[in-house]
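Quick notes on the structure that follows.
Read-outs: derived from the displayed coordinates by stated rules, not from any lab. This is a predicted model, so every value here is computed, not measured. When we count neighbours, we look across all protein chains shown, and the Cβ atoms used for this are built from the backbone with ideal geometry, even at glycine.
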Amino acid sequence: MKPLIGITACLEEEKSYKTGSSYVKAVLRAGGVPVLLPCAAGPEACKQLVNTVDGILIPGGVDSAPQLFGEEPLPQVSCMDGDLDRFELELIHRATDMGKPILAICRGCQIINIAFGGTLYQDIPSQLPEAQGHYQQTASRSEPYHMVSILPKTALAAALGEGELVTNSFHHQAVKRLAEGFRVCARTRDGIIEGIENSDGSILGVQWHPECMEERFPRFQRLFCAFIERAAKRP
Ligand code: MN
């Protein structure tokens with residue numbers, strides 16, 4: 001049996017649950033079986049969902065509510081989804097309780113940090129004007145943009161190799177105060193945190209979108225393969 005990977009799905013326009021097709025394809029290509037986890041599930045259903053899957057993929061999406069880390073939203077933060085926040089926080093905690101691995105991308109990386117007590121820059125351009133652009137306005141989603149350093153001796157380096165690589169970048173928020181029990185595993189030269197992981201690497205978040213690059217740049221597929229391998233080893 002191939003590992004079953006739950007991917008969170010948000011409610012779109014009050015009528016359908018959706019997740020990005022590139023996440024689904026990336027899981028399939030890496031040897032996993034994807035299943036969508038709709039954010040309507042309450043705590044009981046959420047626990048059962050986590051119990052059923054072998055790993056959780058938390059995709060990119062809208063901004064998380066800054067109230068979750070004790071701040072009021074800046075004007076630049078306008079698109080939020082309270083149901084998705086609540087569901088993903090519940091999922092993250094249940095998956096951690098049950099020892100199931102989590103791969104988190106973009107918004108996913110940010111909500112992981114919030115779930116374990118960290119904070120975010122709500123808007124990089126206004127809060128850190130000295131940082132380079134981290135949002136590639138009109139570029140194709142697979143287009144490489146900025147250099148990211150992968151830190152040695154991390155789970156991310158074990159998957160992708162250490163050193164520098166060029167990634168895409170479609171975010172205006174980033175990890176500010178790192179959650180306790182986590183370490184930085186990737187950074188850009190302007191100091192923005194581009195990857196975080198827990199001590200055993202079972203929870204790994206990246207700020208860029210490897211699912212959009214892996215077809216053109218197969219190196220990024222290794223991130224999904226490492227995650228699926230880990231999920232396959234779970235009891
Ligand atoms: Mn970036």
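Annotation note: of Gly31, Gly61, the sole residue that is part of a loop (DSSP other than H, G, I, E, B), within 16 Å of His209 (Cβ to Cβ) and not charged (D, E, K, R) is Gly61. The residues in region 152-187 that are out of contact with any helix residue (DSSP H, G or I) (no Cβ under 9 Å at 6 or more places or on another chain) and either more than 21 Å from Pro59 (Cα to Cα) or not in a loop (DSSP other than H, G, I, E, B) (or both) can be counted, and the count is 11. When region 171-187 is limited to residues that are out of contact with any Asp or Glu (no Cβ under 9 Å at 6 or more places or on another chain) and free of Cβ contacts under 8 Å to residues at least 60 places away in the same chain, the one that is surrounded by the most Cβ atoms within 10 Å (Cβ to Cβ) turns out to be Lys176. Looking only at residues that are within 17 Å of Ala158 (Cβ to Cβ) and either assigned to a loop (DSSP other than H, G, I, E, B) or free of Cβ contacts under 8 Å to residues at least 12 places away in the same chain (or both) in region 188-217, which one is nearest to the ligand (Cβ to nearest atom)? Here the answer is Gly201.
If you go through region 79-103 one residue at a time, how many are surrounded by fewer than 18 Cβ atoms within 10 Å (Cβ to Cβ) and in contact with an Asp or Glu (Cβ under 8 Å, 6 or more places away or on another chain)? Total satisfying the criteria: 2.
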